[in-house]
1. Select the strands (runs of 3 or more DSSP E) contained entirely in region 40-120, then report the ones holding at least 3 residues which are modelled with pLDDT of 95 or more and within 18 Å of the chain's Cα centre (by Cα).
2. For region 345-365, enumerate the residues that are part of a strand (DSSP E or B) and surrounded by 18 or more Cβ atoms within 10 Å (Cβ to Cβ).
3. List every residue pair whose Cβ atoms sit under 7 Å apart, with the two residues 6 or more apart in sequence or on different chains, where the first one lies in region 296-321 and is touching a residue at least 60 places away in the same chain (Cβ under 8 Å) and the second, anywhere, is more than 9 Å from the ligand (Cβ to nearest atom) and not in a loop (DSSP other than H, G, I, E, B).
4. Only one residue in 338, 298 is buried (at least 20 other Cβ atoms within 10 Å of the Cβ) and assigned to a loop (DSSP other than H, G, I, E, B), so which one is that?
5. From the set of residues in region 190-229 that are over 14 Å from the mean Cα position of the chain (by Cα) and not in a loop (DSSP other than H, G, I, E, B), which is surrounded by the fewest Cβ atoms within 10 Å (Cβ to Cβ)?
6. Is it true that some residue in region 245-254 is within 10 Å of the ligand (Cβ to nearest atom) and either touching a residue at least 12 places away in the same chain (Cβ under 8 Å) or surrounded by 21 or more Cβ atoms within 10 Å (Cβ to Cβ) (or both)?
7. Can you report the number of residues in region 269-289 which are in a loop (DSSP other than H, G, I, E, B) and more than 10 Å from the ligand (Cβ to nearest atom)?
8. Only one of (1) within 15 Å of the ligand (Cβ to nearest atom); (2) surrounded by fewer than 19 Cβ atoms within 10 Å (Cβ to Cβ) is not met by residue 368, so which one is it?
Ligand SMILES: [Ca+2]
């Protein structure tokens, strides 16, 4: 088990390193790496990139704009050419998707409801696939008194409204958060029209409540719900969810389990659901999430044993893992690139490490599991990358949390 004092010391060191790298202050989201004590022994499972030379650089996509701790970049799918940036403290900003845009308005402000700081905050935003017709948008945030994650819906008065009334909130469901860290937070609609929700294991270190393996807990999961149904009140259960009709204390909302802190998820054009799952002491992982899958935590950290025996459990190992040996600490899951401005990245899964600022690209095959992956370094020091997002043209953007900038990749 990790030594809390060592964990604190390590976090302090990382924070100092980050403060040297960042001119606009130190990010508090580094707590995302909580529990990340240095490996006691060198990892034997380090997987070196096939290419270690930078091939890409990052540029500021919107040089006239700045944001407070951005954790999401997305669009509404409404043809309006607007994009949206989520600020962790509880605000959604909106602006025209143009590099020369000089101002970003406030789309929704729920700072008074959100408990933020560290890994808490307004962590997810997804527009309903029929947003143009119904004006629905969904958020995931943490709150205090009591400490909970809230999944709720807001309603824009019209698709082109510039602001959303905070009183339109309808809570779909919420669940308890035993510790402040590991809140997951990404929400997104799948090609099936259902809402997918990433949840962390509830926090502390080492998953002391064993939530990841507990199918009676919302924590350490990917959840899937039907926001257009009402069989659970303000949402419903997709009929083919793994535990939809099982009972026995197993939660019908669960889609996959055994996750520690799935930090950012995305679907690719083949319908595969990708996530980065933040590791404990040694290994960061990239997973392709399949329905009913057990992704191992806390039996395993990456492909290594962690606590207890994974024997007899049907565990799906990550498609890729990397160690903390080179200063990497906390994975930020990205997306399979499907835009047109970077031909060399097409079809590759782009992801980052929050602490080191390295950005990589994974090449996989087209199968549901991705087959055997190979990895290449794109950028060595991109910034404190908290999230990746796409615009309506499928171009990819990176949120720099500490600098408050939205970046994009371009050839070097
Ligand atoms: Ca795992």
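The values are calculated or read from the model by the stated rules, or taken from the named source; none is laboratory data. Keep in mind that this is a model prediction, so the values were computed, not measured. For neighbour counting, all protein chains shown are included, and Cβ atoms are generated from backbone atoms with ideal geometry for every residue, glycine included.
1. 70-74, 82-87
2. Scanning region 345-365 gives 349, 350, 351, 352, 353, 359, 360, 361, 362.
3. 320/286; 320/362; 320/375; 321/284
4. Numbers: 338 fails: buried (at least 20 other Cβ atoms within 10 Å of the Cβ).
Unique residue meeting the criteria: 298.
5. In the first step, residues of region 190-229 are kept if they are over 14 Å from the mean Cα position of the chain (by Cα); the result is 190-195, 202-219, 224-229.
Imposing the further condition that a residue be not in a loop (DSSP other than H, G, I, E, B) reduces the set to 195, 224-226.
Numbers: 195: 26, 224: 24, 225: 25, 226: 18.
Among those that are over 14 Å from the mean Cα position of the chain (by Cα) and not in a loop (DSSP other than H, G, I, E, B), it is 226.
6. No, because not a single residue in region 245-254 is within 10 Å of the ligand (Cβ to nearest atom) and either touching a residue at least 12 places away in the same chain (Cβ under 8 Å) or surrounded by 21 or more Cβ atoms within 10 Å (Cβ to Cβ) (or both).
7. Of all residues in region 269-289, those in a loop (DSSP other than H, G, I, E, B) come to 269-272, 278-282.
Next cut, more than 10 Å from the ligand (Cβ to nearest atom) only: 269-272, 278, 280-282.
The qualifying residues number 8.
8. With (1) within 15 Å of the ligand (Cβ to nearest atom); (2) surrounded by fewer than 19 Cβ atoms within 10 Å (Cβ to Cβ) applied to residue 368, the lone miss is (1).
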